[in-house]
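Notes for the one structure printed next.
Just so it is clear, none of the values below were taken in a lab; they were calculated from the coordinates. Everything quoted here is computed from the prediction, not taken from an experiment. All Cβ positions, even for glycine, are placed from backbone atoms using ideal geometry, and neighbour counts span all protein chains on display.
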Amino acid sequence: MATFIVLANFTDQGIRNVKESPDRFEAYRAMAEKHGVVVKSVHYTVGRYDMVVVLEGSEEAVMATGLKSATLGNVRSETLRGFSLDEMRKLVGSMP
């Protein structure tokens, strides 16, 4: 399975209801699992982003989960495809 890193920020709606964020996240986790996406970790953060979530799954499943989450209006996110050290070794090893 591919790894994805999601960088998220609360919207105005999301921060107004921030006390509900842990429960909303559990609902997100359940939705992700229904799509075949595994939530490896979640971190509420200080700085440029409010949350960092690490996921594993197919591109299609992660995309569907992200789109559904976006329709709820509590966060805006940026999703990055992550590569492990072994995956990177394989990639650079195949370079001409």
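Of all the listed residues (62, 39, 46, 54), the sole one being under 14 Å from residue 7 (Cβ atoms) and assigned to a strand (DSSP E or B) is 54. Taking the range 50-65 as the range and being surrounded by fewer than 18 Cβ atoms within 10 Å (Cβ to Cβ) and over 13 Å from residue 31 (Cα atoms) as the test, the residues that pass are 52, 54, 56, 58, 59, 60. Residue 68 satisfies every condition listed in (1) surrounded by 13 or more Cβ atoms within 10 Å (Cβ to Cβ); (2) closer than 15 Å to residue 5 by Cβ except (2).
Yes or no, residue by residue, for (1) without any contact (Cβ under 8 Å) to a residue 40 or more places away in the chain; (2) closer than 25 Å to residue 82 by Cα; (3) surrounded by 13 or more Cβ atoms within 10 Å (Cβ to Cβ):
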| position | (1), (2), (3) |
| --- | --- |
| 6 | no, yes, yes |
| 19 | yes, no, no |
| 26 | yes, yes, no |
| 31 | yes, yes, yes |
| 39 | yes, yes, yes |
| 42 | yes, yes, yes |
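Just checking, does the range 79-94 include any residue being touching a Gly at 6+ places or on another chain (Cβ under 8 Å) and polar (S, T, N, Q)? Checking the range 79-94: at least one residue is touching a Gly at 6+ places or on another chain (Cβ under 8 Å) and polar (S, T, N, Q).
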